[in-house]
Amino acid sequence: MTPRHNIHIKNLEKIFYPGSVAVVGTNNSKGTVPYDIFFNILKAEFTGVLYPVSPGEKSICSVKAYKYIVDIPDQVDLAILVFPSSVCHLALEQCGQKGIRSVVIISAGFKETGEKGLERERQLKQIAGKYDISFIGPNCLGIINTDPRVNLNASFARKMPEEGNIGFLSQCGALCTAVLDYARAKHIGFSKFISFGNKADISEIDLLFYLRNDDKTKVILLYLEEVTDGSGLMQVAREIIATTGKPILILKSGKTTAGASATASHTGSLAGSDEICDAAFRQAGIIRCANIEEMFNIAIAFAYQPLPKSNKVAIITNAGVEVIPGFKRDPSFGGVIMFGIGGIFVELYRDVSFRIAPLTEADAESMIHEIKAFGLLDGMRGMKKSDVSSIKSCILRLSQLTLGFPRITELDNNPLIVHEDGKGCWVADAKIML
Amino acid sequence: MDKNEIRIRVKRVIAQVLERDPGEIADEADFVFDLGASSMQSIQLIAAFDEEFNIEMDQDKAMEVQNVSAAADFISSYLA
């Protein structure tokens, strides 16, 4: 915990719930970060007042621009700095003079670029200390608060994510855009979305504390490239989990040698020992995830399901054999029917048979018998025989579909769950491509 | 060429490239923070100074020059 932690907690409220925002260093060049940040705040329909600060322009997106932040006649709660790194200290100094205590520094060109950049970063921290300013960044994507009370997209992510109850923190801006794309495709919503970059001032620990008290956040996701205060992280995680029950999921880079090398070049810091991280996270109750998909699968479960009251969990599953019937339209041969062992094993074992439509009953039957795993359906080692005639019926219907609906180019029934003889089968998941 | 003349010509070039009134360009004005120069305009400024003074500046060093006065000093070192 840093001595400035209490100041950060106070100032973070204005970072996420500002009444007014100034974008300092914006310009009219579409497609650049300084322009996009301003435009995105405007486009997301921020509920407060927005000011562009641009020494070279009279207006940005038809909004009157100010030369300096100190020229703005009204109070400004949050400043977003998008100037080149060489002059960020001048802008931050003016923020201090203006009485602004909450700042996000998007600009790159600091610690991650070497000694000169590190010196610039030190300069920013010195100014922040002088004025009791708290800042997120530098070298970050920005922050998003989907709460309709503010609608704040102070980032260069073009689309505001849906509102939800997942709080996402990331040290890496590039990962943020990948996560936003992934989440958008799956309609996963966020409460707060925070890219904290070089964490020169506000760290993940301060942000975790903030999210502990954020009633919009039920689950916290954290992507880290380096752990700089391991004991602080463990302490805050334990406290959040114990006092609020909010689960914390972590994705930490550096698990492989290549990953460690990537983080060193990206943030100028070495990845910590992976085994130590594993142990520390486990001790603190943090769930470590292997990849983005796993992280969101777990997060969705936590976000939408109540936590179990005890550690007694029953897993209910479907009986039956998992198989896959499907078809693909080949440009030369027309409808090609496929049958095999389905579910997650289909691509691994490639135990499949093919026929060209139209099929006869004998064709369908031979397709089923042809796969190596037919024994699973035929009652091997005391298992009950599966309802093979229902599979045959499905395959014949697929054959009819290829002929009757030429617009369908591909179709998967994966898995088709087959019950014991006489009890039929049903499709658990299907994909149809036109 | 004395430094005052260099400074006047530097301001004239800046005014043309950044489309500013020469009168509003102070000696200590920072190209980015005070005059709003973009990275592209910074490169255009170096090219314009080279042409104005018939010199060939080291681009990396020239990019580190941040204000009008420092630019005049930097250019004068090529004219000495």
Specify the residue that is surrounded by the most Cβ atoms within 10 Å (Cβ to Cβ); the eligible residues are those in the stretch A:162-182 that are free of Cβ contacts under 8 Å to residues at least 60 places away in the same chain and outside any helix (DSSP H, G or I).
-> A:Phe168
For the stretch A:251-260, indicate whether the set of residues that are at pLDDT 90 or above and in a strand (DSSP E or B) is non-empty.
-> yes
Would you mind finding the one in A:Ser85, A:Ser59, A:Ser54, A:Ser107 that is within 14 Å of chain B (Cβ to nearest Cβ), surrounded by fewer than 23 Cβ atoms within 10 Å (Cβ to Cβ), in contact with a Ser or Thr (Cβ under 7 Å, 6 or more places away or on another chain) and among the small types (Gly, Ala, Ser)?
-> A:Ser85
Among residues belonging to the stretch A:279-293 that are surrounded by 14 or more Cβ atoms within 10 Å (Cβ to Cβ) and at pLDDT below 90, point out the one that is farthest from A:Tyr182 (Cα to Cα).
-> A:Ala280
Among B:Phe49, B:Phe33, B:Phe53, which is aromatic (Phe, Trp, Tyr), under 13 Å from the mean Cα position of the chain (by Cα) and surrounded by 19 or more Cβ atoms within 10 Å (Cβ to Cβ)?
-> B:Phe49
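Condition check ((1) within 30 Å of A:Glu420 (Cα to Cα); (2) in a loop (DSSP other than H, G, I, E, B); (3) free of Cβ contacts under 8 Å to residues at least 24 places away in the same chain) across all residues:
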| position | (1), (2), (3) |
| --- | --- |
| A:Ser310 | no, yes, yes |
| A:Ile337 | yes, no, no |
| A:Leu348 | yes, no, yes |
| A:Ala362 | yes, no, yes |
| A:His369 | yes, no, yes |
| A:Arg381 | yes, no, yes |
Looking only at the stretch A:95-110, decide whether some residue is of a type in the set (A, V, I, L, M), farther than 25 Å from A:Arg212 by Cα and touching a residue at least 24 places away in the same chain (Cβ under 8 Å).
-> yes
Considering the stretch A:88-104, residues that are small (Gly, Ala, Ser) and more than 20 Å from A:Asp36 (Cα to Cα), and then whichever is surrounded by the fewest Cβ atoms within 10 Å (Cβ to Cβ), we arrive at A:Gly99
Cβ pairs under 7 Å, 6+ apart or interchain, first in the stretch B:1-30 and free of Cβ contacts under 8 Å to residues at least 24 places away in the same chain, second surrounded by fewer than 12 Cβ atoms within 10 Å (Cβ to Cβ), ordered by first then second residue, are B:Ala15/B:Asp21
Please name all residue pairs, on different chains or six or more residues apart, with Cβ atoms under 8 Å, provided the first residue is in the stretch A:384-405 and is in a loop (DSSP other than H, G, I, E, B) and the second residue is β-branched (Val, Ile, Thr).
-> A:Asp387/A:Val418
Just one of the numbered conditions (1) among the hydroxyl-bearing types (Ser, Thr, Tyr); (2) at pLDDT 95 or above; (3) surrounded by fewer than 23 Cβ atoms within 10 Å (Cβ to Cβ) is not true of A:Thr32; which one?
-> (2)
Can you pull out the residues in the stretch B:18-58 that are within 13 Å of chain A (Cβ to nearest Cβ) and on the phi > 0 side of the Ramachandran plot?
-> B:Glu19, B:Gly36
Answer from A:Val219, A:Val227 - the residue that is at pLDDT 95 or above and under 25 Å from A:Gly137 (Cβ atoms) = A:Val219
Can you spot a residue in the stretch A:96-103 that is under 25 Å from the mean Cα position of the chain (by Cα) and either of a type in the set (A, V, I, L, M) or within 14 Å of another protein chain (Cβ to nearest Cβ) (or both)?
-> yes
Run B:Gly23 past the list (1) closer than 28 Å to A:Gln94 by Cα; (2) in contact with a helix residue (DSSP H, G or I) (Cβ under 7 Å, 6 or more places away or on another chain); (3) surrounded by fewer than 15 Cβ atoms within 10 Å (Cβ to Cβ) and report the number of the one that doesn't hold.
-> (2)
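The values are calculated or read from the model by the stated rules, or taken from the named source; none is laboratory data. Everything numeric here is computed off the predicted structure, so don't read it as measured data. Cβ atoms come from the backbone with ideal geometry, glycine included; neighbour counts cover every protein chain shown.
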